[in-house]
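Engineer: Input: one structure, supplied below.
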Amino acid sequence: MGIWSLTLILILFYLGLTANLEPRNLIASVVIALIIIGLLKPEKKSLNLKKVPQMTTSLIRYIAWLMWDLVTSGIQVARLVIDPKLPIQPGIVAIPSRAKTELGEALSAHAISLTPGELVVEIGDDGILYTHCLDASHAAEYLEDAQKMRKDLLDKIFP
């Protein structure tokens, strides 16, 4: 995807969100799109059309898995908070990212931080995600498996 087509997509996305086609907003959409392109400096890659079905199914699986994780983690956190004994053991867990790209690393950290009871507090230079967990007693093995699944799906979405 070329820079101009990406710029056009960003402009249309902005105009769709604002639902405003006044001249000032059209100019603002172009300026914002160019600033985003300038900051991100996307690499020019050719899209392999044979991989699109796999990318699409992986994206759907990733979103479904993330939604499921959000719901189940929300229920677990609610149980912990409602329990009068408040049986939590907060702590920091180190999770190896193993992502191929910084985008994969950032999306993994974002998914972890969205999950109730977990928050990535730092990403080390070596790709380790330092995650604060509300209950770290069982989190280490769960987070390791979850990160492996996230990495596998993200590698298929962003080859």
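The values are calculated or read from the model by the stated rules, or taken from the named source; none is laboratory data. As the structure is a computational prediction, the values presented were derived from the model and not from experiment. Note that each Cβ is placed from the backbone with ideal geometry, even for glycine, and that neighbours are counted across all protein chains shown. Quick note on the areas: whole protein, heavy atoms, side chains included, nothing else; ligands and nucleic acids left out. Shrake-Rupley method; radii C 1.70, N 1.55, O 1.52, S 1.80 Å.
Engineer: Look at ARG79 and say whether it is exposed (fewer than 15 other Cβ atoms within 10 Å of the Cβ) and assigned to a helix (DSSP H, G or I).
Structural biologist: yes
Engineer: Taking the criterion of being open to solvent by 50 Å² or more (accessible area, probe 1.4 Å), touching a Pro at 6+ places or on another chain (Cβ under 8 Å), outside any loop (DSSP other than H, G, I, E, B) and closer than 30 Å to HIS138 by Cα, would at least one residue in the stretch 42-58 satisfy it?
Structural biologist: no
Engineer: Something else now. What are the residues in the stretch 118-139 that are modelled with pLDDT of 85 or more, surrounded by 14 or more Cβ atoms within 10 Å (Cβ to Cβ) and within 20 Å of GLN89 (Cβ to Cβ), if any?
Structural biologist: GLU118, LEU119, VAL120, LEU129, TYR130, THR131, HIS132, CYS133
Engineer: Could you please find all residues in the stretch 75-84 being at pLDDT below 90 and farther than 14 Å from LEU119 by Cβ?
Structural biologist: Scanning the stretch 75-84 gives GLN76, ALA78, ARG79, LEU80, VAL81, ILE82, ASP83, PRO84.
Engineer: Right, something else. Pairs needed: first member in the stretch 91-109, within 13 Å of GLU122 (Cβ to Cβ) and polar (S, T, N, Q); second member anywhere, open to solvent by less than 50 Å² (accessible area, probe 1.4 Å) and outside any helix (DSSP H, G or I); C-beta distance under 7 Å; at least 6 residues apart or different chains.
Structural biologist: SER97/GLY127; SER97/ILE128; SER97/LEU129
Engineer: For the stretch 140-151, how many residues meet the condition of being touching a helix residue (DSSP H, G or I) at 6+ places or on another chain (Cβ under 9 Å) and open to solvent by 60 Å² or more (accessible area, probe 1.4 Å)? Break it down stepwise before answering.
Structural biologist: Start the filter on the stretch 140-151 by keeping residues that are touching a helix residue (DSSP H, G or I) at 6+ places or on another chain (Cβ under 9 Å), which leaves 143, 146-147, 149-151.
Then drop every residue that is not open to solvent by 60 Å² or more (accessible area, probe 1.4 Å), which leaves 149.
Qualifying residue count for the region: 1.
Engineer: Follow-up. Within the stretch 106-116, can you find the residues that are open to solvent by less than 40 Å² (accessible area, probe 1.4 Å) and either touching a Lys or Arg at 6+ places or on another chain (Cβ under 7 Å) or at pLDDT 85 or above (or both)?
Structural biologist: Once the filter is applied, which keeps residues that are open to solvent by less than 40 Å² (accessible area, probe 1.4 Å) and either touching a Lys or Arg at 6+ places or on another chain (Cβ under 7 Å) or at pLDDT 85 or above (or both), the stretch 106-116 yields SER108, ALA109, ALA111, ILE112.
Engineer: Could you identify the single residue in GLY74, GLY104 that is over 28 Å from LYS41 (Cα atoms) and of a type in the set (Gly, Ala, Ser)?
Structural biologist: One residue alone meets the criteria, GLY74.
Engineer: Given the criteria part of a helix (DSSP H, G or I), open to solvent by less than 60 Å² (accessible area, probe 1.4 Å) and of a type in the set (Val, Ile, Thr), does ILE11 qualify?
Structural biologist: yes
Engineer: So which residues in the stretch 82-95 are farther than 17 Å from ALA139 by Cα and either open to solvent by 90 Å² or more (accessible area, probe 1.4 Å) or in contact with a Ser or Thr (Cβ under 9 Å, 6 or more places away or on another chain) (or both)?
Structural biologist: Correct list: ILE82, PRO84, LYS85.
Engineer: Of the numbered conditions (1) open to solvent by 50 Å² or more (accessible area, probe 1.4 Å); (2) under 28 Å from VAL52 (Cα atoms); (3) not in a loop (DSSP other than H, G, I, E, B), LYS100 fails exactly one; give the number of that condition.
Structural biologist: (3) is the only condition that LYS100 fails.
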